[in-house]
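Heads up, the thing below is written out as structure tokens.
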Amino acid sequence: MQRGEVDPLAPELAQAALLAAPVALLAVDERGSIVLANTRSEELLGYPAGALIGLDVEALVPERFRQGHAELRSGYMGMPSARAMGAGRDLFALRRDGREVQVEIGLNPIQTEAGRVVLVAIVDIDARAEFAARLRRQERHLHQAIESAASAMVMVDAAGRIVLINAQTEAIFGYRRAELIGQPVEVLIPDRYRRGHPKLREDYFARPSVRPMGQGRDLFGMRKDGSEVPIEVALSTIETEDGLNVLATIVDISARLELLGRIERSNVELEQFASVASHDLQEPLRKVVAFGRLLHQDCSEQLSRDGLEWLGFMIDAAERMRTLTQDLLTLSRVQSQSIVAEEVETDGVLQEALENLAMAIKDSGAEVTAEPLPRVRADRGHLVQLFQNLIGNGIKYRGEVAPRIRVSVVDTANDWVLSFADNGIGVDPRFHEQIFGVFKRLHAREAYPGTGIGLAICKRIVDRLGGAIAVESAEGHGATFRVTVPKRYRPEAAMSGVRLVQELRKDPRS
Ligand code: ADP
């Protein structure tokens, strides 16, 4: 069929359009009877199909408006033009179930052969009102969330003017809200950064992304009183009706920086204390031992038997204390000294450790075997210390038979896992974690000499490699110490405690 052939006034077409229209439509005759109702009007008013026909239109008017309605209606019948009903007033339609719906009504008088009818179009604005209310509620929630956020939030428009701030912004910067709204955001920036800021801001608007601001630089805000506050800022964009805005989330990091400063100072003091104490104790102890020995050798005749025995105890004790301070010094150095990271052949490391242990190996008849070992990036001195402590322990904690120690390696995707397995007395699983702590020992000194520091040193060394150390063992069945060394060198793990805190102070985001 061609378009031109359709008669727009064909009664079937008009009727079909009327019935299918998505707006509720009624036709009311001069007496106020409903003569026509479409499906949407039946749905809106809650009537079954056809049930509206013949009904008095006043049945659809809530009681409180009913009086006078008939009069208004007949008055309207005489008017020639279409218009909206009840301009400026809220209109309601009464549903069959007694509920009311808020509506807008359009009236359109039509002259037919059977007389005048008024075509009534009813729009349900309840749904619309509901939608608007929901939007308003959402907006309110959003504002509440922004307002009560733990960080300061400042929204800036494309011209760089502040359009919204929250309570935290007032708290951090010392301004009242009204003083900031409409101001250029640069009022919150210290003078020395202010000039460069508009350019940075424009660049950000040109290529926005969610990201922290001023990466790698220290950021400061300026309070109303002119003082500065160290801050961390994250930026994101928000599309608004007025165009793209930028939302800056600002955290006051002064408390964090102060805390880091305190940690740094106490770390430095602790490290200095440990190294000075252990270093300076060496000398007097060396003297005690040396003169004790001289006394024992040269003056033994002047001493009683008891006196000689007591002197022996003193020399022993002083020697133990010297070993202890030496070990403590090693521990403090392993912790605090900067690392010389290089490519290290661990085969060579093993050889050096074995040379250092030559005496113990010979005395115990130990046999140490090893697979070809990998090349790793680490501090060579640390690795020698690690190998020496682990193999030395394997020899020291031997059982009845001669010690056999096997060093092997497994290549996992990201790590080298080095194993040091011995056939000694083993470690009760209850103590598998404890033994890596400082001064943690499981034996009396008489049975196995030691200070309880060796494994703590191993643990620190492995920590600074960014790796891990653990033991697998059952008492009486030997022990296997596994050391995981990441293949990728991690400078942040290698940092000493003091350096780490210094780095954190420089850039709290890292
Ligand atoms: P130390 O050997 O000076 O006591 P370590 O820190 O090296 O200190 O070891 C802590 C404890 O762990 C030791 O006292 C010992 O009980 C246990 N241990 C360490 N290595 C082994 C091993 N290879 N076999 C059995 N026990 C071990």
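Summary table below
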{"read-out": "Residue check for Q388: in contact with a helix residue (DSSP H, G or I) (Cβ under 7 Å, 6 or more places away or on another chain) and either buried (at least 19 other Cβ atoms within 10 Å of the Cβ) or of a type outside the set (A, V, I, L, M, F, W, C) (or both)", "value": "yes"}
{"read-out": "Test result for V483, out of contact with any Lys or Arg (no Cβ under 8 Å at 6 or more places or on another chain), within 16 Å of the ligand (Cβ to nearest atom), assigned to a strand (DSSP E or B) and hydrophobic (A, V, I, L, M, F, W, C)", "value": "yes"}
{"read-out": "Subset of segment 83-102 (residues that are touching a residue at least 12 places away in the same chain (Cβ under 8 Å), of a type outside the set (A, V, I, L, M, F, W, C) and not in a strand (DSSP E or B))", "value": "G86, D90, R95, R96, D97, R99"}
{"read-out": "Residue within segment 445-457 that is farther than 17 Å from Q326 by Cα, outside any loop (DSSP other than H, G, I, E, B) and out of contact with any helix residue (DSSP H, G or I) (no Cβ under 8 Å at 6 or more places or on another chain) present", "value": "no"}
{"read-out": "Qualifying strands (runs of 3 or more DSSP E) (wholly inside segment 370-444; at least 1 residues being within 11 Å of the ligand (Cβ to nearest atom))", "value": "404-411, 415-421"}
{"read-out": "Options P80, P22; residue that is more than 57 Å from the chain's Cα centre (by Cα), at pLDDT below 90 and in a loop (DSSP other than H, G, I, E, B)", "value": "P80"}
{"read-out": "Qualifying residues in segment 224-253 (those that are of a type in the set (S, T, N, Q) and under 14 Å from P212 (Cα atoms)) - the one farthest from the chain's Cα centre (by Cα)", "value": "T237"}
{"read-out": "Counted residues, segment 232-263 - those being assigned to a strand (DSSP E or B) and under 21 Å from D203 (Cα atoms)", "value": "17"}
{"read-out": "Residue ID - modelled with the highest pLDDT, chosen from residues in segment 428-441 that are farther than 23 Å from F313 by Cβ and in contact with a Gly (Cβ under 9 Å, 6 or more places away or on another chain)", "value": "I435"}
{"read-out": "Filtered residues of segment 458-475 (kept if in a loop (DSSP other than H, G, I, E, B) and more than 10 Å from the ligand (Cβ to nearest atom))", "value": "L465, G466, G467, A474"}
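The values are calculated or read from the model by the stated rules, or taken from the named source; none is laboratory data. What you are looking at is a predicted structure, and each value in this text was computed from that prediction instead of being measured. Glycine gets a Cβ as well: all are built from the backbone with ideal geometry, and neighbour counts include every protein chain shown.
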